[in-house]
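These notes concern the structure reproduced below.
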């Protein structure tokens with residue numbers, strides 16, 4: 001595996017390091033405390049971790065985020081809180097950071113650290129770990145760590161923090177990742193009602209981890225800082241928009257940590273947004289222009305840049321530029337929705353089509369039957385149907401066609417859906433590095449979920465629609481807008497609605513030439529494709545009013561040619 005390239009985005013030029021600590025000292029001093037945390041983590045099986053959203057943080061990552069938060073705060077925090085502390089990884093990292101800055105270990109463990117945890121077993125381990133940490137620092141006085149057993153999402157801060165609510169300098173942590181698309185992690189009815197009472201209207205599919213960001217900001221003193229791990233879907237998810245909007249009414253987004261690797265077994269890519277609570281929040285109105293977010297990229301914080309703070313729309317563009325996506329402005333032109341509709345099937349369509357899929361030689365296969373096209377068969381300007389085997393419901397199939405008789409008998413509704421797709425259209429893949437779209441002018445291809453079917457109002461426009469979708473500026477905007485939503489940070493995962501929001505070109509002559517180039521691409525040899533793709537990219541760049549020297553052209557060509 002290639003080495004990962006983490007994106008560290010503190011908001012000062014101070015590199016993350018351990019102040020005043022000799023190399024290796026902490027590991028020796030706190031070995032017993034760390035062992036307690038690690039032993040507890042090993043007792044929880046993978047299924048239980050997923051159900052509970054309990055994905056424990058590596059020690060080095062907890063330290064890095066605590067140090068980043070203190071650097072942004074600008075002074076040694078008086079109170080540090082983790083409202084979902086688990087077995088205490090972040091609390092131990094904060095204890096190390098405070099003592100490295102001269103704080104008394106007894107004061108740190110008895111007063112300056114506060115944890116909240118819903119799981120009594122994990123809370124007990126956190127207390128024991130902090131006691132072991134204090135003993136290893138030669139604390140002889142009574143040790144009473146403040147780890148409160150409660151559901152900090154459902155419990156008002158004043159009830160579990162008392163007078164310390166709203167006075168915390170630094171809130172850190174790795175809250176439970178509980179996606180709402182799976183029945184074993186989704187909030188039940190009572191939890192949904194409690195969340196609405198506590199936080200107001202939120203998207204039904206908002207991961208519970210995002211709600212902990214609202215809790216974190218609520219706990220902060222004016223000027224306090226929070227940095228908490230989150231799934232990268234927070235950046236782009238439509239249902240997370242109310243959370244993003246509410247966060248920015250009380251705090252300023254001032255930094256990020258992110259990585260394209262998966263530092264623990266949550267099964268998703270992660271980030272850690274950093275917020276500073278504004279003075280007198282929540283009564284203040286958010287400023288029209290927030291502070292600039294300082295961005296740093298690379299394992300050694302080696303390249304820096306800044307960008308304006310975002311609004312309540314997608315936050316993906318904040319990180320997209322650091323991953324190499326050229327910035328391309330939306331000029332507010334006409335949208336693809338003026339030329340076409342778009343749709344994508346759901347699970348019912350997928351399973352019904354898979355059951356009725358037939359390869360050559362199988363009973364029910366006919367060369368007159370509709371072709372089934374999966375996402376893996378779609379590339380920029382063409383499909384690989386008939387040449388390269390691709391997976392379809394666990395089967396490798398190169399030339400799958402529909403047994404329409406079997407489909408009509410087993411799933412008549414899906415058979416009707418297929419007939420409506422049998423029109424000139426453009427098939428669009430998802431989870432790709434660039435927009436990959438291929439024309440079906442004859443209407444013989446049927447999209448297999450999650451393939452998106454874009455159907456022009458006028459079938460003769462199919463090549464113009466293809467060219468519009470393959471335009472480099474639209475690809476860059478799409479990747480930036482949806483950054484973080486895919487299987488990798490820069491994978492394009494989007495919906496039929498998002499496809500229809502693609503901006504159309506303004507130069508019709510270049511657009512028509514691009515459409516003609518798409519016709520050639522559909523039947524081009526492998527040797528001819530690279531040249532045609534580069535020609536198409538240049539034409540569509542000019543169709544959008546950009547010169548040939550714009551960096552988006554080479555960015556797009558590199559991805560399109562290799563797709």
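Summary table below
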| quantity | calculated |
| --- | --- |
| Pairwise centroid distance, computed over Cα atoms, of the range 88-115 with the range 204-252, Å | 25 Å |
| Fewest-first sequence of 80, 479, 423 by Cβ atoms within 10 Å of each Cβ | 423, 80, 479 |
| Per-selection Kirkwood Rh - the range 336-562 (Cα, Å, 1 d.p.) | 17.7 Å |
| Sorted by Cβ neighbour density within 10 Å, fewest at the top, the residues 365, 555 | 365, 555 |
| The range 336-562: relative contact order in percent, alpha carbon pairs under 8 Å with at least 6 residues between | 22 percent |
| Surface/4 of the Cα convex hull for the range 116-161, nm² | 3.5 nm² |
| Relative exposure of 130, 521, judged by other C-beta atoms within 10 Å (fewest first) | 521, 130 |
| Net lengthening on full extension, residue 387/residue 159 (0.36 nm per residue, minus Cα-Cα) | 75.6 nm |
| Whole-Å semi-axes of the ellipsoid equivalent to the range 58-166 (Cα gyration tensor, √5λ, descending) | 20, 17, 14 |
| Prolate/oblate/rounded label for the range 88-133 (Cα gyration tensor, a/c 1.5) | prolate |
| Peptide ranges 408-417, 148-157, 442-451 listed from the most packed, as the mean C-beta count within 10 angstrom indicates | 442-451, 148-157, 408-417 |
| The range 432-558: C-alpha gyration tensor shape, a/c 1.5 cut-off, then a/b vs b/c | rounded |
| Calculated FRET value between residue 367 and residue 562, using beta carbons and R₀ = 30 Å, to 0.05 | 0.40 |
| DSSP beta bridges in the range 336-562 [antiparallel fraction, %, rounded to 5] | 90 percent |
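None of the figures in this text is laboratory data; all of them are computed from the coordinates on show. This is a predicted model, so every value here is computed, not measured. Note that we place each Cβ from the backbone using ideal geometry, even for glycine, and neighbour counts take in every protein chain shown.
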